[in-house]
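First comes the structure, then the notes that go with it.
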Amino acid sequence: FLQVSKILEEFDVEEQPSSLLEKRYPNIKVIQSGVKQLRSDEHKIFTEDGKEYMYEKLCLCAGAKPKLIFEGNPYVLGIRDTDSAQAFQKNLAQAERIVVVGNGGIALELVYEIQGCEVIWAIKDKAIGNTFFDAGAAEFLIPKLSAEKQEAPIECKRTKYTMERSQKKERAIAASDKLGSALGPDWHEGLSFKGTKEFSHKVHIEILCEVKKIHLQHEFLQLQQTSSAFPKEENMEPDEVLWPVYVELTNGKIYGCNFIVSATGVVPNVTPFLAGNNFALGEDGGLKVDKHMHTSLPDIYAAGDICTASWEPSPVWHQMRLWTQARQMGWYAAKCMAADTLGESIDLDFSFELFAHVTKFFNYKVVVLGKYNAQGLGLDHELMLRCTKGQEYVKVVMQSGRMVGAVLIGDTDLEETFENLILNQMDLSPYGEDLLNPDIDIEDYFD
């Protein structure tokens with residue numbers, strides 16, 4: 001992926017990136033039509049535009065699709081790619097209130113970025129963001145939801161992934177059966193997430209609930225029930241506005257809105273490849289891959305959200321369908337395909353030794369490492385915390401005196417040291433609470 005980025009930088013990209021790749025690498029064929037059929041026994045792919053392709057090695061990187069709370073409802077939007085993100089922006093520009101359902105990365109980013117629109121945020125958990133952190137970290141972040149957005153963006157110290165070049169031309173907006181480019185870490189940059197109002201943030205969180213039913217306007221009127229206005233200091237008043245759509249939650253509350261964003265996770269996009277092929281599937285529906293990214297069928301590999309890692313993982317690594325892992329898997333799958341072609345052996349890539357993800361929530365740098373939420377540890381662990389309101393939140397997960405995970409929010413500069421401590425599995429019992437003492441440079445201990 002990074003090599004592709006370097007290639008594109010060398011050209012004035014008015015030409016399709018696929019054409020550039022094929023010019024530079026004649027042995028690469030970029031198929032721009034949907035797959036109609038895969039015949040693994042014949043090493044052939046048939047596309048929806050009626051073409052046929054032979055392959056020696058095939059890597060399936062079709063990603064995942066959003067789990068929409070209701071399929072086929074025009075008022076329910078999923079944000080799955082760049083085109084659907086632009087469609088969301090277009091709808092938001094006409095909106096006074098929306099309902100966001102979900103508690104993962106997309107939902108966290110959306111509720112913070114949206115301005116000029118009331119947001120009802122419905123989550124099934126007790127606290128926001130439990131995919132990435134605990135209730136303590138959630139409490140640390142929540143004040144940002146009501147604060148005016150005046151802070152400068154944090155500095156980006158990596159390659160940025162934007163759509164600036166492709167926006168030079170008019171683009172069709174998010175046809176339901178067409179997919180744009182996958183969302184990267186900078187997916188909302190260059191997009192204006194602003195509704196029709198003049199205020200900044202206005203977010204109300206409904207916890208421990210899910211969507212029970214969605215009512216169109218005429219259906220809601222037939223119910224002869226009242227919906228709630230946007231809560232003010234938890235005082236629930238009847239809503240006098242007539243909305244296009246209404247969301248009934250399992251806690252009994254009903255909210256009217258302009259539209260609903262379904263951000264409740266994804267499912268591997270395996271359907272186009274299953275007919276007539278006996279792929280082994282993981283419990284989550286992904287194509288099972290071994291430690292060389294090989295599926296259960298000869299010469300077919302998979303990488304990213306479409307696959308399920310089926311090898312015995314490192315004690316501090318687990319699979320999550322995130323852009324960071326998709327990029328690592330794609331790079332490693334390419335190495336594995338090349339090694340197999342050349343008859344060479346290859347070791348499992350270092351990136352699978354430790355789970356590590358760096359992102360940004362509420363304009364804070366967020367780093368999660370290893371078993372950051374004590375995943376799978378039960379009661380056999382201890383937590384160490386350090387929190388400075390409005391600046392940083394640090395949580396370390398310890399097991400038998402060894403660090404197995406960490407959550408770092410803010411500019412802590414601890415990620416490299418903690419990464420090494422988790423990998424080295426050094427006994428840290430002698431250091432006690434000094435590990436998180438802000439007056440001690442912890443790096444000096446381990447030089």
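Structural remarks
- Restriction of the chymotrypsin sites (Phe, Trp or Tyr not before Pro) in the stretch 281-367 to DSSP coil positions whose beta-carbon has at most 15 other beta-carbons within 10 angstrom yields Trp311.
- Label-point gap, in nm, between Leu348 and Tyr53 - each point 7 angstrom along Cα→Cβ: 3.1 nm
- Solvent-accessible area, 1.4 Å probe, carbon plus sulfur percent, for the stretch 239-383: 54 percent
- Full-extension gain in nm, Glu382 to Asp413, via 0.36 nm per residue minus C-alpha separation: 8.9 nm
- Our coupling estimate for the stretch 194-203, obtained by passing each phi through the Karplus curve with A = 6.51, B = -1.76, C = 1.60 and θ = phi - 60°, is 10, x, 8, 8, 9, 6, 8, 7, 8, 10 Hz, Gly and Pro reported as x.
- At most 11 other Cβ within 10 Å, DSSP loop - GluC sites (Glu not before Pro), the stretch 341-447: Glu344
- Note on the stretch 356-445: semi-axes of the ellipsoid equivalent to its C-alpha gyration tensor, largest first and rounded to whole Å, are 19, 16, 12.
- Taking Cα centre as origin and charging only the Cβ of basic (Lys, Arg, +1) and acidic (Asp, Glu, -1) residues, the dipole magnitude of the stretch 356-445 rounds to 540 debye.
- Placed amide H near Lys65: partners under 5 Å, 5+ positions off or other chain: Val267, Asn269
- All-pairs Cα distance distribution in the stretch 402-447, expressed in whole percent, bin size 10 Å: 24, 66, 10
- For Leu281, residues with placed amide H under 5 Å, excluding near neighbours: Lys288
- Debye-sum result for the stretch 227-374 in log10 I(q)/I(0), which assumes one identical scatterer on each alpha carbon, at q = 0.09, 0.12, 0.18 Å⁻¹: -0.48, -0.70, -1.05
- Calculated diffusion of the stretch 104-146, Stokes-Einstein form, Kirkwood radius summed over Cα pairs, 37 °C and 0.692 mPa s, µm²/s: 299 µm²/s
- Between the stretch 36-64 and the stretch 407-447, the alpha-carbon center distance in angstrom: 48 Å
- Nitroxide proxy distance, nm - points 7 Å out along Cα→Cβ at Lys213 and Glu237: 2.8 nm
- With all protein chains kept in place, the per residue accessible area of the stretch 356-445 amounts to 48 square angstrom at a probe of 1.4 angstrom.
- When the alpha carbon gyration tensor of the stretch 295-444 is reduced to an equivalent ellipsoid, its three semi-axes come out at 33, 17, 14 angstrom, largest first.
- Alpha carbon centroid spacing (whole Å) that separates the stretch 269-344 from the stretch 66-118: 30 Å
- Annotation: amide H-H contacts under 5 Å for Lys212 (H modelled 1.01 Å from N, sequence separation of 5 or more, or interchain): Glu248, Leu249, Thr250.
- Semi-axis lengths, Å, the stretch 372-425, gyration tensor of Cα atoms, sqrt of 5 times eigenvalues: 20, 14, 8
The values are calculated or read from the model by the stated rules, or taken from the named source; none is laboratory data. All values derive from a computational prediction rather than experimental measurement. Ideal geometry is used to build each Cβ from the backbone, glycine not excepted, and the neighbour counts take in all protein chains shown. In case anyone asks, the SASA skips ligands and DNA or RNA and just uses the protein heavy atoms, side chains included. Shrake-Rupley method; radii C 1.70, N 1.55, O 1.52, S 1.80 Å.
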